[in-house]
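A.B. asks: One structure follows; several queries about it will come next.
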Amino acid sequence: MLVDALIVLAKAVLALAWTLLLALFLTWVERKESAVIQDRVGANRASVMGLRLFGLFQPLADAIKMFFKEDFTPSFAQRALHRLAPALSFFFVSVTVVAVPFGDTVHLFGRAVPLQVVDLSAAVLFALAMLSLGTYGILVSGWASASRFALIGSLRGAAQLISYEAALGLSLVGLVMVFPSLSLARIVEAQGGLLFGFLPRWGVFLQPLGFAVFYIAGMAGTKRVPFDMPEGESEIIGFYTEYGGLKFGLFMFADFLEVIVLAVLSTTLFFGGWQVPWLGGEGFAFPWGGRLALAPWAVSALRVLAFNLKVLFFCWLQVLTRWTYPRFRYDQVMDLGWKVLVPLGVVNILATGLVLAAR
Amino acid sequence: MASPTRLERSARPGSMLLNMGPSHPAMHGTMRIMLELDAERIVNAECEIGYLHRGFEKTCENKTWFNLLVYTDRLNYVSPLINNLGYAMTVEKMLGVAVPERAQLIRVLVSELSRVADHLTCLAAMAMESGAFTVFLYLIKAREYLWDVVEFTTGARMTTSYIRIGGVRADLHADWRAALAAAVAETRRVLKDVSGLLDNNSIFVGRTRGVGAISREDALSYGWTGPCLRSTGVPYDVRKARPYLVYDRLSFDVPVGENGDNYDRYAVRMREMEQSLRILEQAAALLPDAPPLPDGPVIEPEEAVCRSRRRRAVERVRLPPNLEGSEKERLPGLATSDGPVTVPAKEDTYTTMEGLIGHFLFFMRGKGIRPPKGDVYFSVEGGNGELGFYIVSDGTDRPYRLHLRAPCLHIVSALEELIKGRLVADVIPTFGSLNMIGGEIDR
């Protein structure tokens, strides 16, 4: 019993550390990728003992800078709420990862350890709920700042997140109908088979429309360009206008975490999670008849690696989008959410239901 | 406690007042827009200018004709060379002097470089404020190449003071052809990239099409000129309407829009840059290479002054780097020789008594450039529109009154009407596409 508890604790620490490190890494990816897109060099000066490593230490330098900045609260702000808001934003987004399986079950010292912090039976709902609760961070920050720009930003943010929550939820209904489970672990396992004998049975192939709606709605949920209504730094400066130092850092970090959460959820729900195409428990079984036997540890390692690579791919894709498009206008975002994505989500449910009923 | 503004007095009790600027990322630090909001909708707006006021016009009354040139650099700080040109040509009109053809071509060349730089900056800021940061950096990259050409020749990127009354200060830099070719090629490449990123981008089109639209009649009655007026379909361009320099010998089109909305202003500017690049190429082809300097020994200025105490030195005098390009042999092509209008050749100042006297006569108080009594208006096509100078001379060594017709002022005065009834987010591309330049509007 104690051992089990310790294992869960260790996995929780591991998952959190992985997420936070990935978020730090993502700040570097964002700097470098935008630099490549824009014909710049990007951050490359931060060094440890003269070692630069393409600016990989820049996130650390940024973190140190954030820590040592003055923790400023405007005199007109509501102090307690002002302090609470970044913590709310950060907390709700960072707990989402506990429900996500990042590998299959490994056998260590005669004990079966699923590579997932907790296998919640309603993990899909849990993830959606946590993403929605992140809205409170935005609302509270805007209200507590007592600044009009922040207030507009937080109202926009709340409206946007709630609207896209509808599309996000609808887009997943079809998926849940296909893989009849709300547990992320079951959904990933269900994506292990093959379609037509060669295509991995991933959610994206069964639910292409569902994925499109999910991904766009998820992008809107990350509040980044082209959906950065709540921030809109050149329009209304954003809901964290009155924040500085580490509190602002937490908001920014929560943004990067949201990017990761979207990448993780896209991977898990639609791209097979830790599944590698044609890789079974004993090794590869290719559709053209070839076989490649692998040791169980190698299979597990490949699966964890595959999960990470898929997540990185989606992070990369989001950064690419962010540096390519201009910003929507608030009413256009609302139109897109309610008039395009929600109807598409409903159509997707109907189509899925018809196909399932016809079978 | 400041007295309440017009907007504050007229605001309905329930609405939210929002103060955009002057400390606001999109207001460039030089403008304040007060908004009365109903949720996100703008019920009423009030624009306030004057945050960059430094008394340009008044200062000019206390500077000699020659000395006040440097103040014109700071008017439209994105295209300073066109301001230099406008001022210099107004004074030339008063004096009635003719400028050598080579100087005219150089003036056309640097004006068009400035015009492209101006449009690039405007669109870059507009794109960045709409969230397209990549477009901003692309456009600014192209501007760097253009400014390389300007910097090689004038020695400065912004405070150029290069176009002087009666001509230009110096000849083009020896490597100008290569630099110009690189700049034109790079700008074309960037314009193609930007067209690809924005022209048919549904987000960008959705944010700009139909937003901030103004009718042709309204635009004319507000006194709009330049790309903003042309976006409404009026083909008014000072370069065509009242050709100056050698523009009548160059072939270029005047692109016009239809709707006068933000998208048209963007499109007109994009197409105008193409035309300016065409002009640049034509002007470069018409410009012969600078005459080579004679061979022979060169001496330092100190040496020349020393020797000339006994007998005029025959050797060429090495000019300091900041005078590079204005050698005595080159001046006839660059500046008029009618009367004491331009700075005399520095070699003569160093080596002859007459030259030294000429130098003093040019710079001494009460001497130098003294246009006859009277008043004159002259305008050139600036980056934003008709840039006009109205100058009254009382025959002394400084203007009696100088008034600048800044194209921005007339354009920005319509901003309140353009944003009324729209959303907060519409202020940004509208304001960006008008290209408000603080240095020009506040004077």
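The values are calculated or read from the model by the stated rules, or taken from the named source; none is laboratory data. Remember, predicted model here, so these are calculated numbers, not experimental data. Cβ coordinates were reconstructed from backbone atoms using ideal geometry, including for glycine residues, and neighbour counts include every protein chain displayed. For the accessible areas, the whole protein counts, side chains as well, though only heavy atoms, and no ligand, DNA or RNA atoms are used. Shrake-Rupley method; radii C 1.70, N 1.55, O 1.52, S 1.80 Å.
A.B. asks: So which of B:292, B:288 ends up being in contact (Cβ under 8 Å) with a residue 40 or more places away in the chain, open to solvent by 30 Å² or more (accessible area, probe 1.4 Å), under 30 Å from residue B:183 (Cα atoms) and part of a loop (DSSP other than H, G, I, E, B)? Quick ask: steps written out before the conclusion?
C.D. replies: Values: B:292 fails: in contact (Cβ under 8 Å) with a residue 40 or more places away in the chain.
Among B:292, B:288, only B:288 is in contact (Cβ under 8 Å) with a residue 40 or more places away in the chain, open to solvent by 30 Å² or more (accessible area, probe 1.4 Å), under 30 Å from residue B:183 (Cα atoms) and part of a loop (DSSP other than H, G, I, E, B).
A.B. asks: Oh, and also: Counting just the residues of segment B:41-58 that are part of a strand (DSSP E or B) and hydrophobic (A, V, I, L, M, F, W, C), which one comes out nearest to residue B:408 (Cα to Cα)?
C.D. replies: Of everything passing the filter in segment B:41-58, B:47 is nearest to residue B:408 (Cα to Cα).
A.B. asks: Something else now. Keeping to segment B:202-248, report how many residues are assigned to a helix (DSSP H, G or I) and more than 14 Å from chain A (Cβ to nearest Cβ).
C.D. replies: The qualifying residues number 18.
A.B. asks: For segment B:309-318: of the residues being modelled with pLDDT under 85 and in contact with a helix residue (DSSP H, G or I) (Cβ under 7 Å, 6 or more places away or on another chain), which is most open to solvent (accessible area, probe 1.4 Å)?
C.D. replies: My answer is B:312.
A.B. asks: Filter segment A:145-182 down to the residues that are part of a loop (DSSP other than H, G, I, E, B), farther than 24 Å from residue A:121 by Cα and open to solvent by 30 Å² or more (accessible area, probe 1.4 Å) and list them by number. Show your work before the answer.
C.D. replies: Pass one, segment A:145-182, residues part of a loop (DSSP other than H, G, I, E, B): A:146-147, A:179-182.
Now drop any that are not farther than 24 Å from residue A:121 by Cα, which leaves A:146-147.
A:146 - this is the single residue of segment A:145-182 that is part of a loop (DSSP other than H, G, I, E, B), farther than 24 Å from residue A:121 by Cα and open to solvent by 30 Å² or more (accessible area, probe 1.4 Å).
A.B. asks: Follow-up. Conditions: (1) surrounded by fewer than 23 Cβ atoms within 10 Å (Cβ to Cβ); (2) farther than 28 Å from residue B:340 by Cβ; (3) at pLDDT 90 or above. Residue B:117 meets all but one. Number of the miss?
C.D. replies: So residue B:117 meets the others, but not (1).
A.B. asks: Still on this structure, I have one more. Out of all the residues in segment B:333-366, which are of a type in the set (D, E, K, R), open to solvent by 80 Å² or more (accessible area, probe 1.4 Å) and either in a loop (DSSP other than H, G, I, E, B) or at pLDDT below 85 (or both)?
C.D. replies: Result: B:365, single match.
A.B. asks: With respect to residue B:141, is the statement that it is within 14 Å of chain A (Cβ to nearest Cβ) and either crowded, with 22+ Cβ neighbours inside 10 Å or modelled with pLDDT of 90 or more (or both) true?
C.D. replies: In short, yes.
A.B. asks: Check whether at least one residue in segment B:89-112 is assigned to a helix (DSSP H, G or I), open to solvent by 30 Å² or more (accessible area, probe 1.4 Å), under 17 Å from residue B:390 (Cβ atoms) and without any contact (Cβ under 8 Å) to a residue 24 or more places away in the chain, and report yes or no.
C.D. replies: Within segment B:89-112 (the criterion being assigned to a helix (DSSP H, G or I), open to solvent by 30 Å² or more (accessible area, probe 1.4 Å), under 17 Å from residue B:390 (Cβ atoms) and without any contact (Cβ under 8 Å) to a residue 24 or more places away in the chain), the answer is no, since none of the residues qualifies.
A.B. asks: Here is a list: A:218, A:192, A:203, A:210. Which entry is out of contact with any helix residue (DSSP H, G or I) (no Cβ under 9 Å at 6 or more places or on another chain) and more than 14 Å from chain B (Cβ to nearest Cβ)?
C.D. replies: Matching residue, one of A:218, A:192, A:203, A:210: A:192.
A.B. asks: Can you pull out the residues in segment B:27-72 that are open to solvent by less than 20 Å² (accessible area, probe 1.4 Å), more than 21 Å from the chain's Cα centre (by Cα) and within 14 Å of chain A (Cβ to nearest Cβ)?
C.D. replies: B:33, B:34, B:35, B:36, B:37, B:42, listed by residue number.
A.B. asks: I've got another one for you. Test of understanding: among A:22, A:56, A:14, which residue is among the hydrophobic types (A, V, I, L, M, F, W, C) and over 30 Å from residue B:136 (Cβ atoms)? Explain how you work it out, then say what you get.
C.D. replies: Working: A:22 fails: over 30 Å from residue B:136 (Cβ atoms); A:56 fails: over 30 Å from residue B:136 (Cβ atoms).
Residue meeting the stated conditions: A:14.
A.B. asks: Sticking with this one: If only one of B:245, B:280 is crowded, with 21+ Cβ neighbours inside 10 Å and at pLDDT below 90, which one is it? If you could, list the steps in order and put the result at the bottom.
C.D. replies: Working: B:280 fails: at pLDDT below 90.
So the residue among B:245, B:280 that is crowded, with 21+ Cβ neighbours inside 10 Å and at pLDDT below 90 is B:245.
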